[in-house]
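To start, the structure itself, in structure tokens.
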Ligand code: SF4
Ligand code: SF4
């Protein structure tokens, strides 16, 4: 006799509303399936997306997230912040091909015991139809792709001339440029010929936060068209002072478009997920992508934390999935699309696609241009009552 599949549902709920609604369902004898495991948190604003990923990692077949209705938050705005995050988190999962039918969001108040009962019943039934959640097995031939080192030529003479002028006029103390074997830190006008005519895909803004570079004094950096936006974000996040860093622009603006992303999104979700599983299987967790990103400046990355372990640090399929979701989401409204991470990845994973998905969601949903205005509020740090979504029950 074949066994009936009993889905495992993890419900992350707010202490002040949905948890009480679930409690009320129990005390008023409203029956709901025993498949749900309730995890109570102080506020929906505290339900980190890593918890959702972790639940699937350790065996959930579907996840329900539920908090107070808009306007009812015990802490006034926690649920508005949560809604913002979910609005950006979903497009990221969509590009990964994650089956969105396994992720449910609801507003359920303390008085809505019946809504809790009905929601759980629906989630259990829908998940029963879907079957167990499984991360796709990566293809066995996906190892060792690699890529040619990136090199673009630009007019080095003009950049050298501008660097010389800045140093002679004592406008800056150091010019950071591309040298023959990596970045060069030029402090004397007579050394500007160390700037070569090849840029290697690095975004030199990534060096500005290093204490050795800070100790050199006022800096100028060579910037490709997308790189300069990093200075705007760093200023917005109080990592550099307004106008503190000068730029020497190089290269022509490219034609940024979303055609690669759209081509990927045209695939059925299961194919997308399988494709990413193959891509992520190549990730060795060398963290070169993190190292070269100007926006990855945390002293201790969440990927390195071991109390508790948020992300499995070894390059396992589920650990890599969690790492890439986390990395892309932490860059929501911050990634400037410089492409440095793509160029740095030794196994050639097209990280750009994940960044683009979030970038487009930020632009379309919140009309936010990441690299435009250092005074603009970060889209993930704020909220608006009018934030529009159609996925919360
Ligand atoms: S994540 Fe964005 S900002 Fe960071 S290196 Fe990659 S493209 Fe540049
Ligand atoms: S650079 Fe590539 S291989 Fe290294 S951690 Fe990033 S995605 Fe993985």
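Which value in deg cm²/dmol, rounded to the nearest 500, describes the helix-derived mean residue ellipticity at 222 nm for the chain, given -39,500 (n - 2.57) per DSSP H run of n ≥ 4 and division by the residue count?
Numbers: 13 runs with 140 residues, N = 393.
Per the formula, -10500 deg cm²/dmol.
Nearest-5 percent of antiparallel DSSP beta bridges in the chain?
Percent antiparallel among DSSP bridges in the chain is about 25.
In nm, to one decimal, how far is the residue 270 label point from the residue 367 one, both placed 7 Å along Cα→Cβ?
Rounded to a tenth, the inter-label distance reads 4.1 nm.
Sort 361-373, 39-51, 59-71 by the packing proxy (mean of other Cβ within 10 Å over each peptide's residues), most packed first.
Order by mean packing, descending: 59-71, 39-51, 361-373.
Among 207-218, 120-131, how do they line up from the highest to the lowest mean number of other beta-carbon atoms within 10 Å?
The most tightly packed comes first, giving 120-131, 207-218.
Length gain on complete extension for the stretch residue 74 to residue 173, per 0.36 nm per residue less the alpha carbon to alpha carbon distance?
So the extension gain works out to 30.5 nm.
Enter the angle in degrees (range 0 to 90, nearest 10) between the Cα long axis of helix 352-366 and the first principal axis of the Cα atoms of the chain, meaning the one along which they spread out most.
Tilt of helix 352-366: around 70 degrees.
Taking just the alpha carbons, could you work out the radius of gyration and Dmax for the chain, both in angstroms?
That works out to 24.0, 85 Å for Rg and Dmax.
Anyone know which of 338, 73, 298 comes out most mobile in the 10 Å Cα GNM of the chain?
298
Considering only DSSP beta bridges whose two residues both sit in region 165-267, what percent are antiparallel, to the nearest 5?
On the way: 5 of 13 bridges.
Of all bridge pairs located within region 165-267, approximately 40 percent are antiparallel.
Before anything else, pin down the relative contact order of the chain: Cα pairs under 8 Å, at least 6 apart, normalised by residue count, whole percent.
Reported relative contact order: 19 percent.
Quick check: pseudo-label points 7 Å beyond the Cα along Cα→Cβ at residue 350 and residue 180, how many nm apart are they?
3.6
Quick one: check the C-alpha center-to-center distance for region 288-314 versus region 205-284, whole angstrom.
Comparing the Cα centres of region 288-314 and region 205-284, I get a distance of 17 Å.
Dividing the alpha-carbon radius of gyration of region 1-145 by 2.2 N^0.38 Å (N being the number of residues), what value is obtained?
Working: Rg = 16.4 Å, N = 145, 2.2 N^0.38 = 14.6 Å.
Expressed relative to 2.2 N^0.38 Å, the Cα Rg reads 1.13.
Hey, with R₀ at 45 Å, roughly what FRET efficiency would residue 126 and residue 216 work out to, going by the Cβ-Cβ distance, to 0.05?
Here the calculated transfer efficiency is 0.15.
Let me have the relative contact order for region 270-366, percent, based on Cα pairs under 8 Å that are six or more residues apart.
It comes to 31 percent, rounded to a whole number.
If I model a spin label at residue 298 and residue 263 as a point 7 Å from the Cα along the Cα→Cβ vector, what separation in nanometres do I get?
Between residue 298 and residue 263, the label points sit 3.3 nm apart.
Running Debye on region 152-249 with equal point scatterers at the Cα sites and no solvent, what base-10 log of I(q)/I(0) appears at q = 0.14, 0.15, 0.24, 0.25 Å⁻¹?
-0.45, -0.52, -1.36, -1.46
Compute the relative contact order of region 1-103 as a whole-number percentage, counting only Cα pairs closer than 8 Å that sit 6 or more residues apart in sequence. Please report the intermediate quantities before stating the final value.
Details: 124 pairs, mean separation 33.8, N = 103.
Relative contact order, region 1-103: 33 percent.
How much space per residue, in cubic angstrom, does the convex hull of the C-alpha atoms of region 277-379 take up?
Cα-based convex hull of region 277-379, divided per residue, equals 108 Å³.
Nearest 0.05, what FRET efficiency do residue 288 and residue 34 give at R0 = 45 Å with Cβ-Cβ as r? Let's see the in-between values first.
Numbers: r = 46 Å, r/R0 = 1.03.
It comes out at approximately 0.45.
Going by C-beta contacts inside 10 Å, put 349, 58 in order with the fewest on the left.
58, 349
Values in this text are rule-based calculations from the coordinates and carry no lab data. The model shown is predicted, which means the values in this text are computed figures rather than measured ones. Backbone-built Cβ (ideal geometry, glycine too); neighbour counts: all protein chains shown.
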